Every structure is written in structure tokens, then in C-alpha cells.
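A.B. asks: This is the structure I want to talk about, given as C-alpha cells.
The values are calculated or read from the model by the stated rules, or taken from the named source; none is laboratory data. Just so we're clear, the structure is a prediction, and the values are computed from it rather than from any experiment. No Cβ is skipped: glycine too gets one built from the backbone with ideal geometry, and neighbour counts run over all protein chains shown. Just the protein is used for accessible areas: all its heavy atoms, side chains included, with ligands, DNA and RNA removed. Shrake-Rupley method; radii C 1.70, N 1.55, O 1.52, S 1.80 Å.
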Amino acid sequence: MSKAPQEIADDIERILQVTERFNAAQAADPVLETVEIQEILRLVTGKRSIIACSMGGRPAVMRMFLEDDPALSQREWNELERIWPVMAQGPYRVVEPLHHSPTHNLMIVARAEGTPLLEQLWQSDKADRARYLEPAARWLRLYTGGTEEWRGARHRRWLAKAERAADRQAFDELRLFEAEIIALLHQMADRMDGAEWRTAVSHGDFHPNNLMAQKGNLVGIDTGGSARMPIYKDMARFLVHMGRRGMLPSGKARLGVDAIGLANMEEIFGLNAFERRFALPFMMGCEVLLRVETRALSSSRIRRAEAMYAAFRDDLESLLTP
């Protein structure tokens, strides 16, 4: 679908604003003199721009924060510097931090080569897909390692947030499934009151396309959402993201997602009985509700989401049965 003239004009205006902002930063920061902009990859109006660039001839990505709060880039830069020494080498890595310009609210990281993991899964033979699931879980385990703490479960806050998101669901059939899932999550929340669950500094947006696969390595990108949260949140994000798209690498399902992928998360994180029966399924239910399907999606995507929601609802109901 082609854009209307006003949409095109608005796009040009936003690109000019980003360009002007970078030119001002480059004039003031000598390190940026070797940076050449190549392509704007993503632009979230008023919030941030993700830009493909080179720095001293090296492929890189610039994250430019369009809000005027320098704490935004500082927090993300601090987290990347914290995790880089842990995940700079070996099969599980993050992108290398290259430069931070706090005055201009931008940071530059090395560009991760390879194929986004979800794309890699679709391209792979069906019999070969499941082999990527355990490495993905191990990547996440390494990221959270050393920061885990048991804290009182704040599950009702997550459920309230998920319910607010569900109000934006555009599709009636999905709304029906979500209403049933919400009712089951409230039953689960009643049983979780007073419990503790594990928290850690997590990736924050751990879906398969934020892992780049190359020659047996997995490189994590887009750690901007990193913060302390329940460890189950990123597990849920990864599994549900695939499930609602009909991607079941092993061909087996549990709670509407890939059964082997779910088992990998349980085993590699050493989840106890409470975490397996309540904490992780609960957060998976919240994830189902938090990511709202829009009218722009294809009918096939909606059918896959319906199938995933129905399977998740049925298995969640079984978990709650004495």
C-alpha cells in the first residue's frame, strides 16, 4: 500500500530532524567525525531512531534518543558496558559498545552480522529447527547470571498491566480467548499470593529476532529494555513470540508454545515446581495479553494466534485442575 502525500511529507520531516540532530552532535564530538550515516532502520517519532552507519570504516548501528533526557542513553550504555565483559566472546555474545555521546543522547555499537533467529528458523529444514532452542535458552541464562535474586512476587501488577493492554485487542475472536485467559490468570494469581519468585537483570525484549545467528554463535541486540524483572518475562517473550506465529521448531506444543523450547528454559534455569507450574505459565499468559494484534496483520497471522491462544488456555486450565 503506497503512502499518502502527507505521510511521505511527515517521513521526510522526521528524517531531516534526525539528520540535523546528528550533524549538531558530529560538529561537537570529535569521535563522531569518522561516522557515516547509511540508512535509518527504524524511527519511533519523538522517542528514538535506529541508524545503520559506519564508524572508522567499521559497520555499526547508532541509537539516537530523540527525547531530551540524557539518562535514557546513559542507562542503556551502562547496561551494555556491564554485560559486555561477560558476553564479549564465546558462542553467546552481545554487540560491542563503541561510543557514547551523553550530551547528544546517542550511542554507537558494533553491527551484529548474521541472520535474525526467527528468520533462521523459517529458512531451516523442519528437522533441524529444534537445535537452536537450547542455545537461545543458554544465551538468556548467561545474560541473567550473577544478578538473580528471590523477591516477593508482584504478579498482580503484571496482570493489571496485561489486562490494560488486552483492552486494545482489535479482533473479537481473540478478545474471547483473552477473556478466558484473564479469568484463569486471576485463579492462578490467587494461588501465587505471598509467594516469592526470581528476578534478575534481563534483556527486556528477548524475542528470536533480537538474536543474530552466525556460524554457531548467537549475538544479542537491542538490550535497551534491560532492567530487573522476573526471570520468566524474557522466557515468555521468546516462547510466545514464536508460538503466536505458528513457529514450533520441535513440532510439539505445550501451553501453546514449543514444548522443547519450554523444557529447555525450565531445565537450564533450574526452575522449581512452583516456577514451572505457576510463575512461568503466569508470565506467559501476561505476554499473550501484552502483545496486541493489530488490523495491519494478515488473516493467517490471526489464525495462528487463535490456535496458540486456544492451546494455551486449555493447558493453563489443566494446570489449575487439582
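A.B. asks: Just wondering, is there one or more residues in the range 166-186 that are touching a His at 6+ places or on another chain (Cβ under 8 Å) and either in a helix (DSSP H, G or I) or of a type in the set (D, E) (or both)? Walk me through it before giving the result.
C.D. replies: To start, the set of residues in the range 166-186 that are touching a His at 6+ places or on another chain (Cβ under 8 Å) comprises none.
No, because not a single residue in the range 166-186 is touching a His at 6+ places or on another chain (Cβ under 8 Å) and either in a helix (DSSP H, G or I) or of a type in the set (D, E) (or both).
A.B. asks: Mind checking which residues of the range 42-72 are within 18 Å of E96 (Cβ to Cβ) and without any contact (Cβ under 8 Å) to a residue 24 or more places away in the chain? Steps first, answer last, please.
C.D. replies: Within the range 42-72, the first condition is being within 18 Å of E96 (Cβ to Cβ), and the residues that meet it are 50-63.
Answer for the range 42-72, where residues must be within 18 Å of E96 (Cβ to Cβ) and without any contact (Cβ under 8 Å) to a residue 24 or more places away in the chain: I50, S54, G56, G57.
A.B. asks: Out of the range 136-148, which residues are modelled with pLDDT of 95 or more and either on the phi > 0 side of the Ramachandran plot or open to solvent by 40 Å² or more (accessible area, probe 1.4 Å) (or both)? Even if it seems obvious, please write down each step before you answer.
C.D. replies: Taking the range 136-148 first, the residues modelled with pLDDT of 95 or more are 136-144, 147-148.
Listed by number, the residues that qualify are R138, R141, L142, E148.
A.B. asks: Same structure again: For the range 142-162, state whether one or more residues are among the small types (G, A, S), touching a Ser or Thr at 6+ places or on another chain (Cβ under 7 Å), under 19 Å from A310 (Cβ atoms) and touching a residue at least 24 places away in the same chain (Cβ under 8 Å).
C.D. replies: Within the range 142-162, the subset among the small types (G, A, S) is 145-146, 152-153, 160, 162.
Next cut, touching a Ser or Thr at 6+ places or on another chain (Cβ under 7 Å) only: none.
Looking for residues that are among the small types (G, A, S), touching a Ser or Thr at 6+ places or on another chain (Cβ under 7 Å), under 19 Å from A310 (Cβ atoms) and touching a residue at least 24 places away in the same chain (Cβ under 8 Å), one finds none in the range 142-162, hence no.
A.B. asks: Within the range 26-78, considering only strands (runs of 3 or more DSSP E) that don't extend past its boundaries, which have at least 1 residues that are of a type in the set (D, E)? Break it down stepwise before answering.
C.D. replies: On the way: elements: 35-44, 48-55, 58-65.
Counting at least 1 such residues, we get 35-44.
A.B. asks: Consider F206 carefully, then state whether it is in contact with a His (Cβ under 7 Å, 6 or more places away or on another chain), open to solvent by less than 10 Å² (accessible area, probe 1.4 Å) and of a type in the set (A, V, I, L, M, F, W, C).
C.D. replies: Values: in contact with a His (Cβ under 7 Å, 6 or more places away or on another chain): no; open to solvent by less than 10 Å² (accessible area, probe 1.4 Å): yes; of a type in the set (A, V, I, L, M, F, W, C): yes.
In short, no.
A.B. asks: Condition check: in contact with a Pro (Cβ under 6 Å, 6 or more places away or on another chain), at pLDDT 95 or above and either in a strand (DSSP E or B) or not aromatic (F, W, Y) (or both). Does V109 satisfy that?
C.D. replies: Numbers: in contact with a Pro (Cβ under 6 Å, 6 or more places away or on another chain): yes; at pLDDT 95 or above: yes; either in a strand (DSSP E or B) or not aromatic (F, W, Y) (or both): yes.
Against the criterion (in contact with a Pro (Cβ under 6 Å, 6 or more places away or on another chain), at pLDDT 95 or above and either in a strand (DSSP E or B) or not aromatic (F, W, Y) (or both)), V109 qualifies.
A.B. asks: In addition: Would you check if there is a residue in the range 59-77 being more than 20 Å from G224 (Cβ to Cβ) and either open to solvent by less than 70 Å² (accessible area, probe 1.4 Å) or not aliphatic (A, V, I, L, M) (or both)? Write out each step before concluding.
C.D. replies: The initial filter retains those residues of the range 59-77 that are more than 20 Å from G224 (Cβ to Cβ), namely none.
No.
A.B. asks: How about the range 178-201: which of its residues are open to solvent by less than 10 Å² (accessible area, probe 1.4 Å) and either modelled with pLDDT under 95 or of a type in the set (A, V, I, L, M, F, W, C) (or both)?
C.D. replies: Answer for the range 178-201, where residues must be open to solvent by less than 10 Å² (accessible area, probe 1.4 Å) and either modelled with pLDDT under 95 or of a type in the set (A, V, I, L, M, F, W, C) (or both): I181, L185, M188, A189, M192, W197, A200.
A.B. asks: Let me ask something additional. Spot the failing condition for W122; the list is (1) over 21 Å from the mean Cα position of the chain (by Cα); (2) under 30 Å from L248 (Cβ atoms), and only one is missed.
C.D. replies: (1)
A.B. asks: Shifting gears a bit: Output the residues belonging to the range 149-165 that are exposed (fewer than 13 other Cβ atoms within 10 Å of the Cβ) and outside any helix (DSSP H, G or I).
C.D. replies: E149, W150, R151, G152, R154
A.B. asks: May I ask you to list the residues in the range 93-121 that are of a type outside the set (A, V, I, L, M, F, W, C), open to solvent by less than 50 Å² (accessible area, probe 1.4 Å) and in contact with a Gly (Cβ under 9 Å, 6 or more places away or on another chain)? Quick ask: steps written out before the conclusion?
C.D. replies: Step one: filter the range 93-121 for residues of a type outside the set (A, V, I, L, M, F, W, C), giving 93, 96-97, 99-105, 111, 113-116, 119-120.
Now narrow it down to the ones that are open to solvent by less than 50 Å² (accessible area, probe 1.4 Å): 97, 99-101, 104-105, 114-116, 120.
Result: Q120, single match.
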